[in-house]
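Asker: I have a structure here, written as structure tokens, and I will follow up with some questions on it.
The values are calculated or read from the model by the stated rules, or taken from the named source; none is laboratory data. If you're wondering where the values come from, they're calculated on a predicted model, not measured in any experiment. Cβ coordinates were reconstructed from backbone atoms using ideal geometry, including for glycine residues, and neighbour counts include every protein chain displayed. To get the accessible areas, we keep the full protein, side chains included, count just its heavy atoms, and leave off ligands, DNA and RNA. Shrake-Rupley method; radii C 1.70, N 1.55, O 1.52, S 1.80 Å.
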Amino acid sequence: MDETYYRPIILESITPENFPDIALYVKGGQGNFILFKNQEIQLTKEDLARFKENGVEFLYLRDGDMPEISRYMENNLSAMFERDDIDKKVKETILYQTSLNFINDVFKSPSHEQNFERCRNIVNNIVKYMTRSMDSLDLLQTMVGNYYYIFIHSVQVATLSLLVHELLYTLAGDELVDVGIGTILHDIGMTSISADILNKTDSFSDYDYQKIKLHPQQGFNLLKQMSILEGVPLSIVRNHHEKYDGSGYPQKISGNSIPRSAQITAICDIYCALTTDRPYRKASPSEHALKIMEESIAIFNPELFKRFKEIVTSGSKGHGL
Ligand SMILES: [Fe+2]
Ligand SMILES: [Fe+2]
């Protein structure tokens, strides 16, 4: 079945000077999508002004053009957040829409259709909630503004971790929300590490690694100090780099002394990192990422890893996770 999906992009996030050459659509009265311009035609400031005058908030693009838009967002999002002429409400919507696009990417697999709706709603609501609560919005903005990759990575890890929790355990809604919040914020401690280190395109020195390894504890301290969270979310932030064989950090705990939700986050974290492009290496396909992880099987709970593998492998029969 060749069905085209359309993704919304909020008008304010479009700057015609550097917007990629892609086809753009408007939504018709019946919810249908009408071509506004094809990729050969340049979008102008006048077009945007006209849309604004007519109360249009979103334009739409084809799903297949998402990689272009992700690159565009990556280059422009922090600048957008700095701008005083963009309303806070609009910034929230930009953040929310960007997260949704990545959530949709993780949930492309048709074999998870029955389960994904609930998880997707939960992540949607978490992001919605977080963009509305001042303290958390500040946190998210720090992540997006300075470290776009960390933000997107966090949304991906949250989404995948929720899917795994949903498929393997019977959790109440609020337990899933706790997992969602903890996983979205799992790398928040990275915001206290210098951008010079994080933006490196070659390999890290020992000194860099020592600094980076502080992020779980620093994230935990930061959230504790803000007193907005406790329990599972804090435990995920602090323990997501602990390893089953005790070789992790910060506390070097091992086996099932590592809380289960942190064990799952650790698996999803590594998988998402391996399957995403980074400046210093290309993304590995799902199969290859699993193979790399299997080579270090001692660091994971073997039973959990086995179940995780089944989940992503069954997903990759469709479009892949
Ligand atoms: Fe981390
Ligand atoms: Fe991470």
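Asker: Within 14 Å of ligand 1 (Cβ to nearest atom), closer than 20 Å to H153 by Cα and either part of a helix (DSSP H, G or I) or open to solvent by less than 30 Å² (accessible area, probe 1.4 Å) (or both): is that true of A262 in this structure? It would help to see each step written out before you state the result.
Answerer: Numbers: within 14 Å of ligand 1 (Cβ to nearest atom): yes; closer than 20 Å to H153 by Cα: yes; either part of a helix (DSSP H, G or I) or open to solvent by less than 30 Å² (accessible area, probe 1.4 Å) (or both): yes.
Here the answer is yes, as A262 does meet what is asked.
Asker: Show the residue pairs that are 6+ apart or on different chains and have beta-carbon atoms under 6 Å apart, the first residue being within the stretch 20-32 and assigned to a loop (DSSP other than H, G, I, E, B), the second being modelled with pLDDT of 90 or more and open to solvent by less than 20 Å² (accessible area, probe 1.4 Å).
Answerer: Qualifying pairs under 6 Å: I22/L61.
Asker: Under the condition of being open to solvent by 70 Å² or more (accessible area, probe 1.4 Å) and among the acidic types (D, E), which residue from the stretch 32-59 is nearest to the chain's Cα centre (by Cα)?
Answerer: E57
Asker: From the set of residues in the stretch 164-174 that are of a type in the set (A, V, I, L, M) and over 12 Å from E310 (Cβ atoms), which is least open to solvent (accessible area, probe 1.4 Å)? Even if it seems obvious, please write down each step before you answer.
Answerer: Step one: filter the stretch 164-174 for residues of a type in the set (A, V, I, L, M), giving 164, 167-168, 171-172.
Imposing the further condition that a residue be over 12 Å from E310 (Cβ atoms) reduces the set to 171-172.
Details: L171: 29, A172: 47 Å².
Here the answer is L171.
Asker: Sticking with this one: Please work out if I311 is modelled with pLDDT under 90 and either hydrophobic (A, V, I, L, M, F, W, C) or closer than 17 Å to H241 by Cα (or both).
Answerer: Values: modelled with pLDDT under 90: yes; either hydrophobic (A, V, I, L, M, F, W, C) or closer than 17 Å to H241 by Cα (or both): yes.
It is true that I311 is modelled with pLDDT under 90 and either hydrophobic (A, V, I, L, M, F, W, C) or closer than 17 Å to H241 by Cα (or both).
Asker: Based on what the data block shows, is Y249 surrounded by 15 or more Cβ atoms within 10 Å (Cβ to Cβ), within 14 Å of ligand 1 (Cβ to nearest atom), over 21 Å from Q156 (Cα atoms) and at pLDDT 95 or above?
Answerer: Working: surrounded by 15 or more Cβ atoms within 10 Å (Cβ to Cβ): yes; within 14 Å of ligand 1 (Cβ to nearest atom): yes; over 21 Å from Q156 (Cα atoms): yes; at pLDDT 95 or above: yes.
Yes.
Asker: Here's something else I'd like to know. Within the stretch 248-259, restricting attention to residues that are of a type in the set (G, A, S) and assigned to a loop (DSSP other than H, G, I, E, B), which residue is farthest from the chain's Cα centre (by Cα)?
Answerer: Ranking the candidates gives S254 first.
Asker: Now for a different question. Does the stretch 220-242 hold any residues that are outside any loop (DSSP other than H, G, I, E, B), out of contact with any Pro (no Cβ under 8 Å at 6 or more places or on another chain) and either within 14 Å of ligand 1 (Cβ to nearest atom) or open to solvent by less than 50 Å² (accessible area, probe 1.4 Å) (or both), and which are they?
Answerer: Going through the stretch 220-242, the residues outside any loop (DSSP other than H, G, I, E, B) turn out to be 220-226, 232-239.
Those left that are additionally out of contact with any Pro (no Cβ under 8 Å at 6 or more places or on another chain): 220-222, 224-226, 233-234.
Selection gives F220, L222, P233, L234.
Asker: Looking at this structure, is D208 in a helix (DSSP H, G or I), more than 13 Å from ligand 2 (Cβ to nearest atom), among the charged types (D, E, K, R) and touching a Lys or Arg at 6+ places or on another chain (Cβ under 8 Å)? Full working, then the answer.
Answerer: On the way: in a helix (DSSP H, G or I): yes; more than 13 Å from ligand 2 (Cβ to nearest atom): yes; among the charged types (D, E, K, R): yes; touching a Lys or Arg at 6+ places or on another chain (Cβ under 8 Å): yes.
Yes, satisfied.
Asker: Restricting the search to the stretch 223-242, which residues are more than 14 Å from ligand 2 (Cβ to nearest atom) and at pLDDT 95 or above? It would help to see each step written out before you state the result.
Answerer: Of the stretch 223-242, the ones more than 14 Å from ligand 2 (Cβ to nearest atom) are 223-235.
Of everything in the stretch 223-242, just one residue is more than 14 Å from ligand 2 (Cβ to nearest atom) and at pLDDT 95 or above, namely S235.
Asker: Of the conditions (1) closer than 26 Å to F151 by Cβ; (2) in contact with a helix residue (DSSP H, G or I) (Cβ under 9 Å, 6 or more places away or on another chain); (3) loosely packed, with under 14 Cβ neighbours inside 10 Å, L77 fails just one. Which one is it?
Answerer: With (1) closer than 26 Å to F151 by Cβ; (2) in contact with a helix residue (DSSP H, G or I) (Cβ under 9 Å, 6 or more places away or on another chain); (3) loosely packed, with under 14 Cβ neighbours inside 10 Å applied to L77, the lone miss is (3).
Asker: Within the set of pairs 6+ apart or on separate chains, which have a first residue in the stretch 207-219 that is more than 9 Å from ligand 1 (Cβ to nearest atom), a second that is among the hydrophobic types (A, V, I, L, M, F, W, C), and C-beta atoms under 7 Å apart?
Answerer: That search, which allows pairs on different chains as well, returns D208/I197; K211/I193; K211/I197.
Asker: Next question. Can you name the residue in the stretch 276-309 that is within 16 Å of ligand 1 (Cβ to nearest atom) and under 27 Å from L176 (Cα atoms) and, of all such residues, is nearest to the chain's Cα centre (by Cα)?
Answerer: T276
Asker: Out of the stretch 170-183, which residues are without any contact (Cβ under 8 Å) to a residue 60 or more places away in the chain and within 16 Å of ligand 1 (Cβ to nearest atom)?
Answerer: I181
Asker: Another one. Would you mention how many residues in the stretch 208-219 are of a type outside the set (K, R) and open to solvent by 40 Å² or more (accessible area, probe 1.4 Å)?
Answerer: Filtering the stretch 208-219 down to residues of a type outside the set (K, R) leaves 208-210, 212, 214-219.
Right, trim to open to solvent by 40 Å² or more (accessible area, probe 1.4 Å) and you get 209-210, 214, 217-218.
Residues in the stretch 208-219 being of a type outside the set (K, R) and open to solvent by 40 Å² or more (accessible area, probe 1.4 Å): 5 in total.
Asker: Could you pull out the residue among D196, D245, D174, D178 that is in a helix (DSSP H, G or I) and touching a helix residue (DSSP H, G or I) at 6+ places or on another chain (Cβ under 6 Å)? Talk me through it step by step, then tell me what you get.
Answerer: Working: D196 fails: touching a helix residue (DSSP H, G or I) at 6+ places or on another chain (Cβ under 6 Å); D245 fails: in a helix (DSSP H, G or I); D174 fails: touching a helix residue (DSSP H, G or I) at 6+ places or on another chain (Cβ under 6 Å).
Going through D196, D245, D174, D178 in turn, the sole match is D178.
Asker: Further, regarding this structure: Which of the residues that make up the stretch 175-207 are within 22 Å of A262 (Cβ to Cβ), small (G, A, S) and open to solvent by 60 Å² or more (accessible area, probe 1.4 Å)? Steps first, please.
Answerer: Quick first cut of the stretch 175-207, residues within 22 Å of A262 (Cβ to Cβ) only: 175-193.
Still in the list and also small (G, A, S): 180, 182, 189, 192.
Of everything in the stretch 175-207, just one residue is within 22 Å of A262 (Cβ to Cβ), small (G, A, S) and open to solvent by 60 Å² or more (accessible area, probe 1.4 Å), namely S192.
Asker: Kindly provide the set of residues from the stretch 265-293 that are closer than 18 Å to V164 by Cα and either open to solvent by 40 Å² or more (accessible area, probe 1.4 Å) or assigned to a loop (DSSP other than H, G, I, E, B) (or both), ordered by number. Don't jump to the end; show me each part of the working.
Answerer: Going through the stretch 265-293, the residues closer than 18 Å to V164 by Cα turn out to be 265-275, 286-287, 289-290, 293.
Once the filter is applied, which keeps residues that are closer than 18 Å to V164 by Cα and either open to solvent by 40 Å² or more (accessible area, probe 1.4 Å) or assigned to a loop (DSSP other than H, G, I, E, B) (or both), the stretch 265-293 yields I270, T275, E287.
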